[in-house]
């Protein structure tokens, strides 16, 4: 199918799903203001530039027609580069008058559901949650392509970084590689040597790399997010580092083997505690979150009021087992059976592991340079 026709069909399907929610809420129309909902509905609208929150575009739909509500500053580019031939009409405000007055006129006299808590308007956030979380076939195709590009950038950075470079310098190289492919670096992390033992969310800083380095990226394109990490050692890794990384590999394989619709992040992590039992890292599972939902969020904690939400078929999840200074982070698509790896190794050494006689998984190992 022509890419424009395929995207328009995707938007039509999401508009129909939203119409069903409006009927349940007994509302005439919906106003989508949250960026995640707008990128979901439009199948990847990219809003660029420096904007105040009150300047961001909004989607208005009655379930049959759809409008982009935006500033005259943005409307030309958005229709030229993003929404042409996708069935959107335009409601436009001038920057001098602002968005609020136009939105007020749009909702005047109508019962409109909104995805932000505004007055007594019916709320869309909860009804939309599951729709946004499950990636459609259209979304999944784009997601796989994004995963390949993020892996390529992370692995290329790992093959070319050098001893003595700082975490900041390596992060700069990684960001450059992502941007060259039209991928926005949402979160970058470069952790030298033992720094990951002390800081589980280390980011990057002026620390130079001496022996080992873990490079991690979360890349965003068209409203979709993918995360992966790769680890490099200059010469054989120190013994304690190797031990910690081997345990992280075993956890990564176990988490992957248990990932299927109906399971929970917490339940899978609980099973993983057996891997660390009677090791120097027995309590490391308490130091960081084992995984998140992802896809249209960089990271989504799958708990509501302390209750675990089960994984859904079509949902994306990232696993990040961290043991001591070591981390093995990858993104997967949940199915009713085995998960689909979104960030499989491209040109990287792997360890092939099986859990309890199940299928073998290729888990990214340490690249020794």
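The values are calculated or read from the model by the stated rules, or taken from the named source; none is laboratory data. All values derive from a computational prediction rather than experimental measurement. With ideal geometry, Cβ positions are generated from the backbone for all residues, glycine too; neighbour counts draw on all protein chains shown.
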| request: For the stretch 269-286, indicate whether the set of residues that are surrounded by 17 or more Cβ atoms within 10 Å (Cβ to Cβ) and more than 21 Å from residue 353 (Cβ to Cβ) is non-empty. | output: no
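Is it fair to say residue 293 is surrounded by fewer than 20 Cβ atoms within 10 Å (Cβ to Cβ) and either in contact with a strand residue (DSSP E or B) (Cβ under 9 Å, 6 or more places away or on another chain) or within 24 Å of residue 138 (Cβ to Cβ) (or both)?
no
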| task | Assess whether residue 202 counts as being touching a helix residue (DSSP H, G or I) at 6+ places or on another chain (Cβ under 6 Å) and buried (at least 24 other Cβ atoms within 10 Å of the Cβ). | result | no
| Is it fair to say residue 141 is part of a helix (DSSP H, G or I), assigned by TED's automatic domain parsing to the domain that holds residue 318 and either within 26 Å of residue 297 (Cβ to Cβ) or in contact (Cβ under 8 Å) with a residue 24 or more places away in the chain (or both)? | yes
| Options 312, 318; residue that is in the same structural domain as residue 197 (by TED's automatic domain parsing), outside any loop (DSSP other than H, G, I, E, B) and in contact (Cβ under 8 Å) with a residue 24 or more places away in the chain | 318
| request: Answer yes if at least one residue in the stretch 37-46 is at pLDDT below 95 and over 22 Å from residue 129 (Cβ atoms), and no otherwise. | output: yes
| query | From the list 176, 160, which one is surrounded by fewer than 18 Cβ atoms within 10 Å (Cβ to Cβ), in the same structural domain as residue 350 (by TED's automatic domain parsing) and closer than 27 Å to residue 292 by Cβ? | reply | 176
| task | Assess whether residue 181 counts as being under 17 Å from residue 145 (Cβ atoms) and surrounded by fewer than 16 Cβ atoms within 10 Å (Cβ to Cβ). | result | yes
| request: Looking only at the stretch 32-55, count how many residues are touching a helix residue (DSSP H, G or I) at 6+ places or on another chain (Cβ under 7 Å) and either within 14 Å of residue 67 (Cα to Cα) or in a helix (DSSP H, G or I) (or both). | output: 9
| For the stretch 335-352, what are the residues that are part of a strand (DSSP E or B) and buried (at least 19 other Cβ atoms within 10 Å of the Cβ)? | 341
| query | Which condition breaks for residue 159 when tested against (1) farther than 15 Å from residue 346 by Cβ; (2) assigned to a helix (DSSP H, G or I)? | reply | (1)
| Yes/no for residue 251 being in contact with a helix residue (DSSP H, G or I) (Cβ under 7 Å, 6 or more places away or on another chain) and modelled with pLDDT of 95 or more | yes
| request: Please state which one of 90, 103, 86 is under 23 Å from residue 64 (Cβ atoms) and in a loop (DSSP other than H, G, I, E, B). | output: 86
